[in-house]
Structures are given as C-alpha cells and as structure tokens.
Amino acid sequence: MKKTDAASIKLAAEQGDAIAQFNLGVCYDFGKGVEEDKAEAAKWYRMAAEQGHADAQFNLGVCCKFGKGVEKDKTEAVNWYRLAAEQGHARAQLYLGVCYELGEGVEEDKAEAARWYRLAAEQGHDDARHRLEEIY
C-alpha cells in the first residue's frame, strides 16, 4: 500500500467511516503505508468497533487479549469477541469458545465453549470443529 492510499483512508476514517477506521487500524497494525503503531491501530479499531464493525471488534479483542497497543485485559477481550461473535463472526466465535474453555476473562464453562465452537464450525471453521471434537 502506498502512503497516498493510507492518507485517503485516514481522511475517510477521520470523517467517521467505520470501514475506513477498521482499514486504517489494519494499516497501523501491520505497517502498511504507515509506520507500524499498535496503539494507533487499537485506537482506530476501537472507533470502528464502537460503531458495530464486527472485524474491528474482533481485532480489538485480540489487542486486548495480548496487550497489543492497549493494556492487556482478557475480560475486555471477551466483551469485544462476544459483540463480534453475536454478529456471526466465525473467528470471534472460535476465540470466545477458547476463552470459555480455558477460563480466560470469563468463568470456565465447557458447555458455553462448545456452543461457540459449534457456531463457528457450522460456518466451516476447521479449528472450531477440531476444538469441538476435543472438548467432548
């Protein structure tokens, strides 16, 4: 990505466009057209996530879980994963299942883990299908 592409995305993001905010977060997260900056990535993911953008909610959850650009907070990660998962985001469903299976950010609950794995597996997510098989 060229710097001019990142600049045009930033303009739309600053005007409140959730898709542009998410895309700008990705640019900062991976250093595409801008210098890599995990805190800046998390900031833009949060703006898009707060508007209901499922991919941004998932990515912000990852940031929170691993402390990428924000304070590590597994409970907050679960909250963001749940918002994305409830919109049908398969990877968020998988990650939420893992949180329930391992008791990360939530009380351990194998039945709830299986429920989320099943939803992701129904969308063809192989990792979720394998985890679902292992949990039983």
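Sub-8 Å Cβ pairs linking a first residue in the stretch 94-108 that is more than 22 Å from GLY124 (Cα to Cα) and assigned to a loop (DSSP other than H, G, I, E, B) to a second residue that is at pLDDT 95 or above and of a type in the set (Lys, Arg), at least 6 apart or interchain, are GLU104/LYS65; GLU104/LYS74; GLY105/LYS65; GLY105/LYS74, ordered by first then second residue. Taking the conditions (1) part of a helix (DSSP H, G or I); (2) hydrophobic (A, V, I, L, M, F, W, C); (3) more than 26 Å from CYS99 (Cβ to Cβ) in turn, CYS64 satisfies each one other than (3).
State whether one or more residues within the stretch 8-19 are out of contact with any helix residue (DSSP H, G or I) (no Cβ under 6 Å at 6 or more places or on another chain), surrounded by fewer than 22 Cβ atoms within 10 Å (Cβ to Cβ) and at pLDDT below 95. Taking every residue of the stretch 8-19 in turn, at least one turns out to be out of contact with any helix residue (DSSP H, G or I) (no Cβ under 6 Å at 6 or more places or on another chain), surrounded by fewer than 22 Cβ atoms within 10 Å (Cβ to Cβ) and at pLDDT below 95. Please indicate, with yes or no, whether at least one residue in the stretch 17-36 is assigned to a loop (DSSP other than H, G, I, E, B), among the basic types (Lys, Arg) and without any contact (Cβ under 8 Å) to a residue 24 or more places away in the chain. The answer is no; no qualifying residue exists.
The values are calculated or read from the model by the stated rules, or taken from the named source; none is laboratory data. Remember, it's a predicted structure, so these values are computed and weren't measured experimentally. Every residue, glycine among them, receives a Cβ derived from its backbone with ideal geometry; neighbour counts consider all protein chains shown.
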